[in-house]
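Enquirer: The structure that follows is given in the form of structure tokens.
The values are calculated or read from the model by the stated rules, or taken from the named source; none is laboratory data. This is a predicted model, so every value here is computed, not measured. Neighbour counts run over all protein chains shown; Cβ positions are idealised from the backbone, glycine included.
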Amino acid sequence: MSAAAVCVVVFVVAAVTTLVLPGPARIPGGTLPGLADAHGIKLGVAVAVDPLREDPAYREIVTDHYTSMTAENAMKWVHVQPERYAFDWSGPDTVVDFAEDHDLDLRGHTLLWHNQQPAWVAEGHYDADGLRAVMREHIQALLGRYEGRIDSWDVINEPFEDTGTDLRDNLWYRTLGEGYIAEGLWTAHEADPEARLYINEFGVEGGGEKADALYELASGLVADGVPLHGIGFQGHFVHGDVPDDLVENMRRFADLGLDVEISELDVRIPEPVTDEALAAQEDEYRRVVEACLDVSRCVGVSVWGVTDAHSWVPEWFPGHDAALPFDGDDRPKPALTGIHEALGRGRRSAE
Ligand code: 9MR
């Protein structure tokens, strides 16, 4: 074969390889976990218990691509303590053991929230002292059981109304007043003094009045010496609407001395899901990971589900799909390449 022919063959093979091979193989410079570790951020994923136990392909996606896990549902109140004093540790144990076996960090999710509360809590008609006792028992049992094994906890989840600036009118607020937030954080701190404690919220990733209200709340808690260590910006985005001021917004929270992280990233695409939309989604994932890398106190980015087959999106937003970096057949999507490219670029120090 002539040199020219060899060149053509090499070129064609390279081109075909580039087209056919999925995301990470196209990007030089290391594995996702290796790059995430090298740049000092966690790359996390929310997991469900059943596929973690039963599906080897699911497990492999987690261990090959991520350095951290969040239990998508298993540590929520309704599953952990469905009846008072009747704790079910089977789900959380599976997640915690898996994380330890594979050397993954763990985000604990979540303690005080308005959803997925069992009826005995939600309809318990407790007065303030009664509810305070219920809160302490739950937090002490859960954090106590896994003390030192779960790196951070979403202690307060979604404390603001969906839109606007009001604190959410949830059971905790109605019964204990605004102070429930500090009480929850102090209780969690006593139960596991090493755990990093978070407020986790949505619709606050870019600037705006809800983000400003969260900033005021966080500033006050920090000034009062309450053990608040970080803010989780959930990051449930709609394709085409990822804010462009993520860095600026996260930095002002970081300047309070708080860690920040993107805690539940997904980018849902209105159907029909086209190749163009998936390509643009690649850029959106890249931008979000770059934003984290551009904030020195951003400790990680977690995506909210292992594959599109496990995502909450199609059920909750009919007509939207394809929000995650792996498709419903466990294949990597362009979004994974976006993450990989951002990590390949690394941190820019511009603060
Ligand atoms: O992904 C979770 C889904 O399986 C549950 O049905 C739902 C119940 O409200 O909660 C979802 O997770 C939520 C998370 O705990 C808090 N932020 C919003 C997430 C998506 O709703």
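Enquirer: Quick test of your reading of the structure: P318 fulfils all but one of (1) away from the ligand (no atom under 16 Å from the Cβ); (2) assigned to a loop (DSSP other than H, G, I, E, B); (3) without any contact (Cβ under 8 Å) to a residue 12 or more places away in the chain. Name the failing condition by number.
Expert: Tallying (1) away from the ligand (no atom under 16 Å from the Cβ); (2) assigned to a loop (DSSP other than H, G, I, E, B); (3) without any contact (Cβ under 8 Å) to a residue 12 or more places away in the chain, P318 fails exactly one: (1).
Enquirer: Can you name the number of the only condition in (1) in a helix (DSSP H, G or I); (2) within 16 Å of the ligand (Cβ to nearest atom) that M75 fails?
Expert: (1)
Enquirer: Right, next: Taking A195, is it more than 14 Å from the ligand (Cβ to nearest atom), farther than 30 Å from I269 by Cα and touching a Phe, Trp or Tyr at 6+ places or on another chain (Cβ under 6 Å)? Working first, answer last.
Expert: Numbers: more than 14 Å from the ligand (Cβ to nearest atom): yes; farther than 30 Å from I269 by Cα: yes; touching a Phe, Trp or Tyr at 6+ places or on another chain (Cβ under 6 Å): yes.
When the stated conditions are applied, A195 passes them.
Enquirer: Separate question: Tell me whether region 149-159 contains one or more residues that are over 30 Å from D37 (Cα atoms) and either part of a strand (DSSP E or B) or more than 21 Å from the chain's Cα centre (by Cα) (or both). Please lay out each step first, then the result.
Expert: Narrowing region 149-159 to residues over 30 Å from D37 (Cα atoms): 159.
If we keep only those that are either part of a strand (DSSP E or B) or more than 21 Å from the chain's Cα centre (by Cα) (or both) too, we end up with none.
The answer is no, given that none of the residues of region 149-159 is over 30 Å from D37 (Cα atoms) and either part of a strand (DSSP E or B) or more than 21 Å from the chain's Cα centre (by Cα) (or both).
Enquirer: Kindly provide the set of residues from region 78-111 that are within 16 Å of the ligand (Cβ to nearest atom) and touching a strand residue (DSSP E or B) at 6+ places or on another chain (Cβ under 8 Å), ordered by number.
Expert: G91, P92, V95, L106, R107, G108, H109, T110, L111
Enquirer: Among the residues of region 205-222, are any modelled with pLDDT of 95 or more, polar (S, T, N, Q) and closer than 22 Å to L131 by Cβ?
Expert: No.
Enquirer: Can I ask one more? Could you look through region 93-146, keep only residues that are in a helix (DSSP H, G or I) and of a type in the set (F, W, Y), and pick out the one that is surrounded by the most Cβ atoms within 10 Å (Cβ to Cβ)? Talk me through it step by step, then tell me what you get.
Expert: The first filter runs over region 93-146 and keeps only residues in a helix (DSSP H, G or I), leaving 93-101, 119-122, 128-145.
Next, from what is left, pick out any that are of a type in the set (F, W, Y): 98, 120.
Numbers: F98: 20, W120: 14.
Filtering region 93-146 for residues that are in a helix (DSSP H, G or I) and of a type in the set (F, W, Y), the one surrounded by the most Cβ atoms within 10 Å (Cβ to Cβ) comes out as F98.
Enquirer: Specify the residue that is nearest to the ligand (Cβ to nearest atom); the eligible residues are those in region 36-70 that are part of a strand (DSSP E or B) and not hydrophobic (A, V, I, L, M, F, W, C). Please lay out each step first, then the result.
Expert: Step one: list which residues in region 36-70 are part of a strand (DSSP E or B), which gives 42-47, 68-70.
Checking the rest, the ones that are also not hydrophobic (A, V, I, L, M, F, W, C) come to 42, 44, 68, 70.
Values: K42: 18, G44: 13, S68: 16, T70: 9 Å.
Ranking the qualifying residues of region 36-70, first place goes to T70.
Enquirer: Sticking with this one: Quick check, is R251 more than 15 Å from the ligand (Cβ to nearest atom), in contact with a helix residue (DSSP H, G or I) (Cβ under 7 Å, 6 or more places away or on another chain) and either closer than 25 Å to S68 by Cβ or of a type in the set (G, A, S) (or both)? Walk me through it before giving the result.
Expert: Working: more than 15 Å from the ligand (Cβ to nearest atom): yes; in contact with a helix residue (DSSP H, G or I) (Cβ under 7 Å, 6 or more places away or on another chain): no; either closer than 25 Å to S68 by Cβ or of a type in the set (G, A, S) (or both): yes.
The answer is no for R251.
Enquirer: Looking only at residues that are surrounded by fewer than 22 Cβ atoms within 10 Å (Cβ to Cβ) and acidic (D, E) in region 291-315, which one is farthest from the ligand (Cβ to nearest atom)?
Expert: If we take residues in region 291-315 being surrounded by fewer than 22 Cβ atoms within 10 Å (Cβ to Cβ) and acidic (D, E), then D294 is farthest from the ligand (Cβ to nearest atom).
Enquirer: Identify all residues within region 170-194 that are more than 24 Å from the chain's Cα centre (by Cα) and in a loop (DSSP other than H, G, I, E, B); write none if there are none.
Expert: If the condition is that a residue be more than 24 Å from the chain's Cα centre (by Cα) and in a loop (DSSP other than H, G, I, E, B), then G177, E178, G179 are the ones that fit.
Enquirer: Every residue in region 212-233 that is buried (at least 16 other Cβ atoms within 10 Å of the Cβ) and either in contact (Cβ under 8 Å) with a residue 40 or more places away in the chain or in contact with a Lys or Arg (Cβ under 8 Å, 6 or more places away or on another chain) (or both), please.
Expert: A213, L214, Y215, L217, A218, L221, V226, P227, L228, H229, G230, G232
Enquirer: Given E123, E100, which one is charged (D, E, K, R) and touching a Lys or Arg at 6+ places or on another chain (Cβ under 9 Å)? Quick ask: steps written out before the conclusion?
Expert: Details: E123 fails: touching a Lys or Arg at 6+ places or on another chain (Cβ under 9 Å).
Result of the check over E123, E100: E100.
Enquirer: A further question on this structure: So which pairs qualify, if the first residue must be in region 92-113 and more than 15 Å from L143 (Cα to Cα), the second must be in a strand (DSSP E or B) and of a type in the set (S, T, N, Q), the Cβ gap must be under 7 Å, and the two must be at least 6 apart or on different chains?
Expert: Hits for this filter: L104/S68; D105/S68; W113/N157.
Enquirer: Sort through A291, A335 and tell me the only one that's farther than 30 Å from E194 by Cβ and among the hydrophobic types (A, V, I, L, M, F, W, C).
Expert: On the way: A291 fails: farther than 30 Å from E194 by Cβ.
From the options A291, A335, the qualifying one is A335.
Enquirer: Take region 153-169 and flag every residue that is surrounded by 15 or more Cβ atoms within 10 Å (Cβ to Cβ) and more than 15 Å from the ligand (Cβ to nearest atom). Before you say what the answer is, go through the steps one by one.
Expert: Just the residues of region 153-169 that are surrounded by 15 or more Cβ atoms within 10 Å (Cβ to Cβ), to begin with: 153-161, 165, 167-168.
Of everything in region 153-169, those that are surrounded by 15 or more Cβ atoms within 10 Å (Cβ to Cβ) and more than 15 Å from the ligand (Cβ to nearest atom) turn out to be T165, L167.
Enquirer: Another one. Looking at W89, W77, which is the one that is more than 19 Å from the chain's Cα centre (by Cα) and within 13 Å of L142 (Cβ to Cβ)?
Expert: Working: W77 fails: more than 19 Å from the chain's Cα centre (by Cα).
Every option except W89 fails the conditions.
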